[in-house]
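The values are calculated or read from the model by the stated rules, or taken from the named source; none is laboratory data. What you see is a predicted model; the values in this text were computed from it and never measured. Methodologically, a virtual Cβ is constructed for each residue, glycine included, from the backbone with ideal geometry; neighbour enumeration extends over all protein chains shown. When the accessible area is computed, the model is the full protein with side chains, heavy atoms only, and any ligands, DNA or RNA have been set aside. Shrake-Rupley method; radii C 1.70, N 1.55, O 1.52, S 1.80 Å.
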Amino acid sequence: MGRSVAAVVAAAVVIAVSGCTNHLDAGTDGADEFAAHFRSVDGVQRVRGGGTNDLPFSGSAMVRVVLDDGLSDDDLTALVDDMGEYMATHSNGSLSWSGTATVDGWTLPLVAKRTPNHRVLGALEQVRHDDRFAGGEIDRSSGVAIHAAGPTDLVAAWDAARTVARTAGLSADRAVSYADPETDPDADGAASATPEATARWVLSSSDADARDFPEIARPEARARQTPRPTAEPDAGPADADELRTRVARVMADPDVDGAVVTPTTVSVRATTAAAQRDVRDRVAPKVPDGVALLVSGGDVHRTGAGDYSQTDRIADAVARTGTSVSRVEATPTGVGFVVSDLAAAETVARAVRATGDVKGVERIVIASDVDGLDAFRQPRAGFAVVAAPGAIERAVAVSTALSSSAPTLVEFPTGRAVDTELWLSAQSTADFPALARALRPLGLDGARTQIRIDDDGSVLNCTIGDTLEVSRAGEDDQDRRNRAALQDAWRAAG
C-alpha cells in the first residue's frame, strides 16, 4: 500500500512540474532558456536574461532583448509576437514574465499578451521613423520619454511624447523630452533606463523630473514643505503653450548651457560660474510667478530653492584664492568643496573663515572627491572634513594631523550634528601608538571615534578623554586584544 501511494505522489509531482517549466530555479532558468532560444533568431542582436526564484518551481523571469537596427515595422511586430507567444507558452501560475525590447534606440516593454504589445508597437510607429528623434522609452506605468536629436528638436519631441502617452494602455501622467544625455547605451546595446536624468536639456510634464529641486521632486520631502501649486500633466493647451514658451526663452539665452523645465521649476546651467548671476537676472523675468528658479554654472552645482546670497559669499571668497576646486556643491545652508589635497583644503578653510559672519550657513564640507561630500563615515578614499564655517579651519587641521589614518572623516558640530565625530582607519594594531600620539594632543575630549582595522575588518568605538572609553565592539579574543592594544597605546601617549 505504501509503495502505491508513493508512486501516485511521484507521478503527480512529475505532472505538476512538466510542460511549462520543470526547474527548481524557475525564474533564472526560464530567462536563460528564452535567451538561448532567441539568440540565433534573425533580427535579434543580443539577449540578456535574469530573474528571481521564489519557492521551488516558481519565480519571475526578466529578459532584455536588443534587436537589429533598421527592422521593418512588420518584421519588428513578428519578432515581438514570437517573444510574447514564447512567454505565454512558458508561463503558469508560478512563473511570470517581464522584459524590454530595444530597437533603433527605442526601448519598449515586452509582455506575454499580444494586445498590450501591439498597442506599444502602434505608439512606436508614430515616432520611430522621425529623424528629429534619436530614440526614447515607452513604458506603461512611467510614461513616455523621447530623446530629441538635438536641443532644437526638444519641443517637437515633447509634443510627440504627449501624443504617444495618450495611447490606450499607456500612462499619460508623464511625458518627457531630452537632448544631449551624458550616458551612452549600456554594454549590451540597450538604452539606459533613465537617460533623461543626465541630459543637458529636459522638458517634462511632471515635477518628478525636477533637477536639483529635491523638495519638489521627492514626494516624501515635498510633504514636509509648504504646499506649492502643482500643474496637472497635460492639463490643457494653455499650460502646454506656456511650457513651450518658457523653455524657448531659457534656451535663447547665449550663456545657458542646459536646462530642466517642469511645470513648477526651472533648473538652469550657465556656461560658467561667473555667468550665474547675469543668467539669473535675465531668466528670472521670463519665469512666471510661482515657478521656482535655480541657476548653477561651471563647477558650481546648486540643490534646493532658497536664498544663496550667503553661500555665494563663501564660494566667491574661495574662488578669489585661485585654489583649484574641481566641484562646488551648494544649498542655501551649506557649501561643499572638492579639492586635490589637504594643503588646498587649508586654503579653502582660511577663505571660509575670512568671510566672517555668514548668517544661515550651517555646514561646510571639504573632501578629496565627490563621494566624500556625502560621507557619513569613512569615505572610500582620501579625506572628508565637516564643520560650521567658524570651525572648518580647525577641523582641517585635525584631519591633517590624522592624515596617516586615512580614509578619514572629521566632523565637528554643525546645524545637523551636535557631537564631534572621527572616523579613522588603521592597517593593524601596530598603527595604534602613532595614532594615539597624533590624536591625544588635539584637545578633542568627548569626541566619538570609530577606528576601522583593515587587517581583520573589525572596528573599535571609543570616546576620547584622559582615559579612553572603548565600547564593546565585540567579545571574541581578537576584539579583546584590539581593545587592549588601543588602550595601552593611549596610556603610553599620555
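List of remarks:
- Yes/no for PRO441 being without any contact (Cβ under 8 Å) to a residue 60 or more places away in the chain and either open to solvent by 10 Å² or more (accessible area, probe 1.4 Å) or in a helix (DSSP H, G or I) (or both): yes
- Filter result for GLU393 (at pLDDT 95 or above, of a type outside the set (Ser, Thr, Tyr), closer than 28 Å to ARG353 by Cα and open to solvent by 50 Å² or more (accessible area, probe 1.4 Å)): yes
- Residues (surrounded by fewer than 19 Cβ atoms within 10 Å (Cβ to Cβ) and either polar (S, T, N, Q) or closer than 28 Å to PRO195 by Cα (or both)) located in region 79-113: ASP81, THR89, SER91, ASN92, SER94, SER98, ASP104, GLY105, PRO109, LYS113
- Pairs with Cβ under 8 Å, 6+ apart, first in region 241-259 and under 17 Å from ARG277 (Cα atoms) and in a loop (DSSP other than H, G, I, E, B), second among the polar types (S, T, N, Q) and open to solvent by 10 Å² or more (accessible area, probe 1.4 Å): ASP255/THR271; ASP255/THR272
- You will find that of SER91, SER141, SER96, the residue that is farther than 23 Å from PHE34 by Cα and hydroxyl-bearing (Ser, Thr, Tyr) is SER141 and no other.
- Out of ASP207, ASP212, sole residue that is farther than 19 Å from ALA165 by Cβ, at pLDDT 90 or above, among the charged types (D, E, K, R) and surrounded by 17 or more Cβ atoms within 10 Å (Cβ to Cβ): ASP212
- Residue in region 228-241 that is modelled with pLDDT under 95 and open to solvent by less than 30 Å² (accessible area, probe 1.4 Å) present: yes
- Count - residues of region 334-357 that are under 13 Å from ASP299 (Cβ atoms) and charged (D, E, K, R): 0
- Residue in region 267-275 that is charged (D, E, K, R) and crowded, with 19+ Cβ neighbours inside 10 Å present: yes
- Single unsatisfied condition, ALA248 versus (1) among the small types (Gly, Ala, Ser); (2) farther than 30 Å from ARG350 by Cβ; (3) in contact with a His (Cβ under 9 Å, 6 or more places away or on another chain): (3)
- Residue match in region 118-136 (condition: buried (at least 22 other Cβ atoms within 10 Å of the Cβ) and under 27 Å from ASP257 (Cα atoms)): yes
- If you check TRP97, TRP106 for being over 25 Å from SER206 (Cβ atoms) and in contact (Cβ under 8 Å) with a residue 24 or more places away in the chain, only one passes: TRP97.
- Restricting attention to region 55-76, the residues that are open to solvent by less than 30 Å² (accessible area, probe 1.4 Å) and assigned to a helix (DSSP H, G or I) add up to 1.
- For region 316-359, the set of residues classified as under 25 Å from ARG218 (Cα atoms) and open to solvent by 50 Å² or more (accessible area, probe 1.4 Å) consists of ARG327, GLU329, THR333, listed by residue number.
- If you go through region 450-490 and keep only what is in a loop (DSSP other than H, G, I, E, B) and under 12 Å from ASP431 (Cα atoms), you end up with ASP454, ASP455.
- Residue that is under 15 Å from ARG377 (Cα atoms), within 37 Å of the chain's Cα centre (by Cα) and at pLDDT 95 or above, where the choices are THR400, THR449: THR449
- All of VAL318, VAL287, VAL295, VAL325 fail the test of being in contact with a strand residue (DSSP E or B) (Cβ under 6 Å, 6 or more places away or on another chain) and over 17 Å from ASP212 (Cβ atoms), apart from VAL325.
- Inside region 280-315, residues that are farther than 27 Å from ASP357 by Cα and either surrounded by fewer than 17 Cβ atoms within 10 Å (Cβ to Cβ) or free of Cβ contacts under 8 Å to residues at least 60 places away in the same chain (or both) make up a count of 10.
- Near pairs, Cβ below 8 angstrom, 6+ apart or cross-chain, from region 116-134 (of a type in the set (Gly, Ala, Ser)) to any residue that is assigned to a helix (DSSP H, G or I) and crowded, with 21+ Cβ neighbours inside 10 Å: ALA123/VAL164
- Residue within region 419-429 that is among the small types (Gly, Ala, Ser), outside any strand (DSSP E or B) and surrounded by 16 or more Cβ atoms within 10 Å (Cβ to Cβ) present: no
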